[in-house]
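Remarks on the structure that follows.
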Amino acid sequence: MIIKSATFVVSNTKVSALPLPELPEYAFIGRSNVGKSSLINMLVNVQGLAKTSQRPGKTQLINHFLINEKWYIVDLPGYGYAKVSKSSREKWEKFIRNYLTKRENLQCVFVLIDSRLEPQKIDLEFCSWLGECQIPFALVYTKADKQSAPKTDQNVAKFNKTLLGWFEEVPPFFVTSAEKNQGREKLLQFVQEVNEDFVKPEIDPQFYAASNKE
């Protein structure tokens, strides 16, 4: 897939106020500071499209980016950042759950995992929740350039093996590096193949009405 255009569309916290679900979209989520914004910028080859920050937990909204006028990348808030207040965390978790369970055109959730770490409980539990809700997801291991390839392979194998405690098979997974462009072609090829089978969902116009309240 060749990326010809990538534009910011909207930031929001209400599913009912998001763009009409007429195009396929892919959500990116992971623990705070996992390298999500850098990965998105690498995929679309537009530096600064998704805002990067040295302060974990900066993303607090559902951010939509329209790619090639044909599909959306959705940048979701990171989870698991301890310095966020309990009330803020609960509020974010609520609208994230609403988005993931209600968004009709969501094709896949890319769960970002730091490839430098041993399996983290919070990542495993989030994957388990996606499975329970029957939400399609794939794993994206980030920052592979920060260590040796054998160490990355070892951590990836550990996480995948642990997932088999919840799932019959390991979901699709990709090993990436935003700095080295590693994994870019495979990720975009995956998106292209899913897009080819996209069927526009039936839309409830009342739900997406501007005056609608969740």
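Show me the strands (runs of 3 or more DSSP E) found entirely inside the range 1-103 where at least 2 residues are crowded, with 20+ Cβ neighbours inside 10 Å and at pLDDT 90 or above.
Numbers: elements: 6-12, 25-30, 62-67, 71-75.
Because the criterion is at least 2 residues that are crowded, with 20+ Cβ neighbours inside 10 Å and at pLDDT 90 or above, the strands (runs of 3 or more DSSP E) in the range 1-103 that meet it are 25-30, 62-67, 71-75.
Please go through the range 184-211 and give me each residue that is modelled with pLDDT of 95 or more, open to solvent by less than 90 Å² (accessible area, probe 1.4 Å) and not aromatic (Phe, Trp, Tyr), ordered by number.
Arg184, Leu187, Leu188, Gln189, Val191, Gln192, Val194, Asn195
Since Ala157 meets every condition but one in (1) within 12 Å of Val175 (Cα to Cα); (2) in contact with a strand residue (DSSP E or B) (Cβ under 8 Å, 6 or more places away or on another chain); (3) not β-branched (Val, Ile, Thr), which condition does it not meet?
Evaluating Ala157 over (1) within 12 Å of Val175 (Cα to Cα); (2) in contact with a strand residue (DSSP E or B) (Cβ under 8 Å, 6 or more places away or on another chain); (3) not β-branched (Val, Ile, Thr) leaves (2) as the failure.
For the range 138-183, give me each residue that is of a type in the set (Lys, Arg) and open to solvent by less than 50 Å² (accessible area, probe 1.4 Å).
Lys143
The values are calculated or read from the model by the stated rules, or taken from the named source; none is laboratory data. Small disclaimer: the values here were computed from a predicted structure and weren't measured. A quick note on method: Cβ atoms are made from the backbone with ideal geometry, for glycine too, and the neighbour counts reach across all protein chains shown. What goes into the accessible areas is simple: the full protein's heavy atoms, side chains included, and nothing from ligands, DNA or RNA. Shrake-Rupley method; radii C 1.70, N 1.55, O 1.52, S 1.80 Å.
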